[in-house]
Amino acid sequence: MFATLRKKYTQFHYVNFEFEVKENGIFMQFFFQTNELVFEPKMTLKLGKYAQPMNPEEVRGLVFNIGLIELISYWKATCSPKIVIHNYTLDKKQQSWWKKLYYKGLSEFFYQNEIKCYLNNFVRFSFAEEAKPYSNLPFKEIINSKRVIVPIGGGKDSVVTLEELRQKREVIPFIINPRGATLDCARIAGFNTLDDIVILEREIDANLLTCNKQGFLNGHTPFSAMLAFHALLASYGTGIRSIALSNEASANEATILGTEVNHQYSKSLEFELDFQEYICDYMNDCSYYYSHLRSFSELQIAEQFAQYPQYFPVFRSCNAGSKENVWCCNCPKCLFAYIILAPFIDKNTRLQIFGEDLLNKPEMERFFYQLIGKTPTKPFECVGTVEEVVAALKMLVNQKEKGYLLEVFNTL
């Protein structure tokens, strides 16, 4: 399929982008095309009460870069060997930077689709005759302040970042496509109205969903890299320089141990440092992007989160149950969250959070083996390291915790 699609869809075009600076936000639309396939995704950044005056030319540069990360969701349908950019040219270093992000950010996609390709030949950039040098785009340097933008995903990690930082700085929450858990976490932190939150409303073009149903290539993309570029626009639009992510040390571990296939690549320190360098080289160092939890282990984060019981009823980390705002209790993400929190939260409280005891659920055994490193591949989810999971289980054994999966663990 990969080779067939590349022969038919030889060029993927980043045709254009449009934006409109409004009183309290920015509307964006992108235009991508390959042969008969046309994609026109739309999104709106709502800055709420934090909106500052914006220079359209500076916004233009940021929106162009957002298009470069958004296109990956559509390019992957055909994996065209050439990406043609119509608005601006990229210098050699920029091209290498984006190719690395695409290649490593799609490592899971390539693995799951059994695609054999290499960094130097999986795609190349080309530029239309009308394209102008990107280096002419202006960016203002944003002055540092005590304010900090904190993306909220609804899980334990962003809660810890939010609560720790708000003790000494003014936190501005940033949410992509608000849902129950994200809004509830913001509300408990004291952000009671939508005007108190920076919000990105992001739509996937329906034509891509049609392509997926028709059998075009599909799979995981580097969501956190997309978040990073949208957070830059939020930084510019609010005049807040610092962007504090909640990516922990475990994001650096490969999903397939011993390889570079990492579900969490765009949460890794490698991407974080690359992104900081890109901002310095091509955006006048306009913002400071970092992870507040980078040096923390999952166990340390879980222990800290346990100090905030007000969030227990509302936080969610389950992707499968995100639309219904529930823990599905049948996926590896739920099992990991249960295990990592168990040493620090009593059993009755855990049952109130999850609805059932996942350590006493034999159906979760195959996920359990993946989490403790008894299979070559960890779950393709944002979970901690094998070492962290094993450490949590040993703590539970020492605490005399009971359950089917702990009995399995004791026999290994």
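The values are calculated or read from the model by the stated rules, or taken from the named source; none is laboratory data. On a predicted model such as this, the values are computed, not experimentally measured, just so you know. Cβ coordinates were reconstructed from backbone atoms using ideal geometry, including for glycine residues, and neighbour counts include every protein chain displayed. For accessibility, only protein heavy atoms count, side chains too; no ligands or nucleic acids. Shrake-Rupley method; radii C 1.70, N 1.55, O 1.52, S 1.80 Å.
So here's what we get for this one:
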item: Amide H partners (placed H, <5 Å) of residue 172, local residues excluded; result: 148, 149, 150
item: Antiparallel bridge percentage (DSSP; both residues within the chain; nearest 5); result: 50 percent
item: Carbon + sulfur, % of accessible area of region 272-356 - ligands and nucleic acids excluded, 1.4 Å; result: 46 percent
item: Cut-off 12 Å (backbone N to label point 7 Å along Cα→Cβ of residue 132), residues of region 35-75; result: 57-58, 60-61
item: By average C-beta atoms within 10 angstrom, highest first, the peptides 103-113, 88-98; result: 103-113, 88-98
item: Using θ = phi - 60° and Karplus 6.51 cos²θ - 1.76 cosθ + 1.60, couplings along region 23-31 (whole Hz; Gly, Pro as x); result: 4, 10, x, 9, 9, 9, 9, 10, 10
item: Accessible area per residue, Å², the chain with all protein chains present, probe 1.4 Å; result: 42 Å²
item: Contour excess over end-to-end distance, with Cα ends at residue 375 and residue 363 and 0.36 nm allotted per residue; result: 2.7 nm
item: Computed over the chain: relative contact order in percent, which uses C-alpha pairs under 8 Å that are six or more apart; result: 16 percent
item: Charged-residue dipole, Cβ positions (Lys, Arg, Asp, Glu), region 149-223 about Cα centre, Debye nearest 20; result: 180 debye
item: Fluctuation leader among 58, 363, 381 - the chain, Gaussian network, Cα springs under 10 angstrom; result: 363
item: Most positive-pole-ward Cα, 228, 389, 412, against dipole of the chain from beta carbon charges; result: 412
item: Gaussian network model of the chain, springs between alpha carbon atoms under 10 Å - residue of 388, 253, 23 with greatest fluctuation; result: 23
item: Cα-centre dipole for region 62-106 with unit charges at Cβ (Lys and Arg positive, Asp and Glu negative), debye to 20; result: 240 debye
item: Full-stretch length increase - residue 312, residue 276 - with 0.36 nm per residue and alpha-carbon distance subtracted; result: 9.6 nm
item: Calculated FRET efficiency for the pair residue 399/residue 146, C-beta based, R₀ 41 Å, to 0.05; result: 0.50
item: Residue (of 89, 66, 107) at the positive-pole extreme of region 41-158, dipole from beta-carbon charges; result: 107
item: Charge dipole of the chain about the Cα centre (unit charges at C-beta), most positive-ward option of 278, 204, 300; result: 204
item: Interchain or long-range residues, amide H under 5 Å from residue 219's placed H; result: none
item: Accessible-area order (highest first, 1.4 angstrom probe) of the listed residues 44, 255; result: 44, 255
item: Net charge dipole size for the chain [Lys, Arg +1 and Asp, Glu -1 on Cβ; Debye, nearest 20]; result: 400 debye
item: Out-of-range pairs (alpha-carbon distance over 26 Å; input 22/104; 42/132; 116/378; 7/213; 267/402; 22/76); result: 22/104; 267/402; 22/76
item: Inter-label distance, nm, simple model (7 Å from Cα along the C-beta direction), residue 100/residue 11; result: 2.9 nm
item: Accessible surface of region 32-101 [probe 1.4 Å, protein heavy atoms]: carbon and sulfur percent; result: 48 percent
item: Separation in nanometres of the label points that stand 7 Å from Cα toward Cβ, at residue 177 and residue 86; result: 2.6 nm
